[in-house]
Each structure stands twice: as C-alpha cells, then as structure tokens.
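J.: If you scroll down you'll find the structure; I have some questions about it.
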Amino acid sequence: MRRIRPLHLILALIALAAIALPLAVIRWAPPPLPPRPKAVARPKTVVPPTVLPDVEPVEYQNLAPADARALNAGVPFVADGVEPARPYRMLGGADEVARATDCLAAAAFYEAGDDAVGEQAVAQVVLNRLRHPAFPKSVCGVVFQGAERATGCQFTFTCDGALRRTPSEAAWRRAREIASRALSGHVDKTVGLATHYHTDWVVPYWSSSLDKIAEVHTHLFFRWTGWWGTRPAFNRTPLLAEPPIAKLAFLSDAHKLGAALADADGAVLAATPFFGRTAMPLPSEPNTFITSLNPAQADTFAAMAQASCGERERCKFMGWTDVEAMPFTAAMSPQQMAAMSFSYLRDRGANLERTLWNCREFKRAAGQCMKRAAIRMAPPPPVADEEPARGPAELEGVRRKPVPMPEAAATNGGSSPSQQP
C-alpha cells in the first residue's frame, strides 16, 4: 500500500477549501444591497413673463435622508442676495381677517412646529404666494391648495393627517400672533421672495429647477428663476373674501361659523332647484353674469346663479332689482355697486363659493350680507390750463361803475376762494 505523503495531504486540503469556501459564501452570505437610487436633476427653466409658471404637486425623490442632505448641501445659494418682499396689510371685514389669520397660523404651526423663527418664514412664503399670479387669491386658498387630494397638496399638513394633532393653547396663541403681525405689514426679510421651501432631508423634484436663496434651521427656501422670481411679478391684488375651511373648525371659531353658513347655503341650493331661464354671460367676460332680478323671486336667486354658472371653475353672478341702477359692463360706478341686490362668487381653485345679499333689501344672516363702503362724491377736478370765466366783452364808449372790494378782502390783499378757510 502506497503511503500518503504529508505534502499530498496538505495539497488536497487546500483544493477542498478552495471549492468549499466559495460555496459557503454563496450559501450563507447576505443578499447584495440594491444600488442606491440616483437623484434626478432638472435643468433650470426660465419661464417668460408672458407665460404663467406651473405650480407642481409636491413629489419627493426616492433618496435616503443622508443622501438628500448631501445633495442639498451641494446646491449653492444664488449670488444676487435676498430681496425682501413688500409689506402686506390685509383689508376686509372682521370675519375675513379672522379666517385669514387662522389659516396662516395653522400653516405656520404645522409646517414649522412651535418655533417662532420658522413660523415667521412660513407665513412670509404664504403671503408671497398670495401676491403671485400663479397661486390662489386668498390666504386660505393658498394654504389649502390641493388639500382635497390624498397626495400632492402644496402644504403637506393639509393632507397628511397632521391636523389630527391639536396645538397647545400657548403654541396656538403665538402662531396667531405671528400670523396677525404678518397680515399687518411685518416682513420676514430672511426668506425674501421665496415661494417654495422644503426640509433638508428630502429632495422634491422641482428643487433643482429653482433658485436656492435662504436657509432657516432645517428648511431651504427657493424662488422661481427669471422674471417670475423678481419683485415686479408679485403684483396681484388678493381677494378680500376668505373661504371657510371645514378642516379648521375644530381649531377656529371663525371657520366653524363660516363652515356652518356655507353648509346652510349649500342646503338652500340643493333644496331649491331652478327651472327658469338662466342669465347670459357678458360677451367680453364669459365667466361674468349681470342681470336684473325680480324681488318677489328672492328665494330662487342662489339657484339661478348656480344654474347660470354651470360647471365653470370661476364665476361671478351679479343682480339688481332696480333696472335703472344696473350696469351693462363689468366696469361699474360706486353707485351701481352700492345698488347691487345679490351676488354669487365661485373660485374652485381658491375653495371659494359664496352667496351675498344686499341686506338693506333682504333680511339675511350677518355672514351673508355684502360689505358696504361709504360713497363720497368728489368735486370734478379742475381742467388744466382752463382760463377763468369771463363776462361779456366790454363795449367801447361805455363806462362801468367799479365794484367795491369787500373790507376783509381789501385788508388781506384779496385772497382767492381756495385760500380762504
């Protein structure tokens, strides 16, 4: 029998290990990690001033928080600094101001937490959007834009269930104070003309196409590139009407009452079908209706307006019981506006639908009355370079008796009427 030499045994063991070790690695090794998703960078797009920029739904790239932070940190801030916004001072009645304040306070608290610096920044972004033509025309419309969708709302707290959390009394009071100051002219210069922001651990798809301008704690702030990110673009006059938001009824008495009135309006519209003739829109403005109304049919005004507006996203219906006071164009005098008997306003983009009455004619609840402003009759302006009125030309050869000057005028040197008290 041939003896096995030690060297042969060692070589056999080495060969066996060379075969068994890879098999063991394949059998017991953890599965390989999937490749990390890469960030998608959109090029900056400069939208011309004649085209309104799109407001995209908020969708995030599939990145781990650490990767998102690294990517965000690598994006430089723009070099031209931060231009502050103009002060905004809200006009309107007490109900409108209260609803706007609570919508703005909710955005500040739920987006920034109980942090005064972050809340001021969020409130400024909301007001910047309010003045920008690409967004809704009311504070509540801006804050709750897209809230009817499960995803894609502009402010995530309006559709992600965050409203189930009630702020403490002190936190809510501070958020309302910040909102009230912002609606009274306070400007947060830190974020300038920003219309977008996000936290640094996420990357929305739109972020790479905008200008990065500021950082507040963990939030990054952006504006549109080109003309739409400059101060002249923020030229829109907002609506004075603020829609009631049912989602805020648990937190805001102003919205609870407004939602109740809106429900009452809806019940009236549903219970009063209109089978008569609808008004025709203005040829120059197909979303505006001007018509005469029969005061004996007041119960049908709201249904008539809704039937006339049909499925339009935006609609304005205005009616007069006094035909003599009714205008025939959308441009109307203060007297014609004061004589308006009924109006119906709809702007689904701003979540607004409201019926308003001239409560001097029709008895209605306080929240359904038109706001009335005093009409002041100003004297006609003087005509430039107009010569003073002259009397008849003097006839030759006729002597006129001089008119004696009043004693006071003689003493004062003959003051003109505009100089007299």
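Derivation of every value follows stated rules applied to the coordinates shown; laboratory data play no part. Since the model is a prediction, treat every value here as computed from it, not as a measurement. Glycine also receives a Cβ, built like all others from the backbone with ideal geometry; neighbour counts cover every protein chain displayed.
J.: Roughly how compact is segment 295-353, stated as its Cα Rg over 2.2 N^0.38 Å to two decimals?
T.: 1.19
J.: May I pose another question? Relative to the compact-globule scaling 2.2 N^0.38 Å, provide the ratio for the alpha-carbon radius of gyration of segment 218-260.
T.: Cα Rg divided by the expected 2.2 N^0.38 Å: 1.83.
J.: Report the label-to-label distance for Thr237 and Glu169 in nanometres (one decimal), using points 7 Å from each Cα along the Cα→Cβ vector.
T.: 4.2 nm
J.: Next up: Treat each spin label as a single point 7 Å out from the Cα along the C-beta direction, and report the Glu56 to Asn287 distance in nm.
T.: Modelled inter-label distance: 2.5 nm.
J.: How would you rank 305-318, 213-226, highest first, on the average number of other Cβ atoms within 10 Å across their residues?
T.: Averaged packing, sorted descending, gives the order 213-226, 305-318.
J.: How much of the pair distance distribution for segment 150-229 lies past 19 Å, counting alpha-carbon pairs only, in percent?
T.: 54 percent
J.: Taking every Cα atom in segment 194-248, find the radius of gyration and the maximum pairwise distance Dmax, and write them in Å.
T.: 14.6, 37
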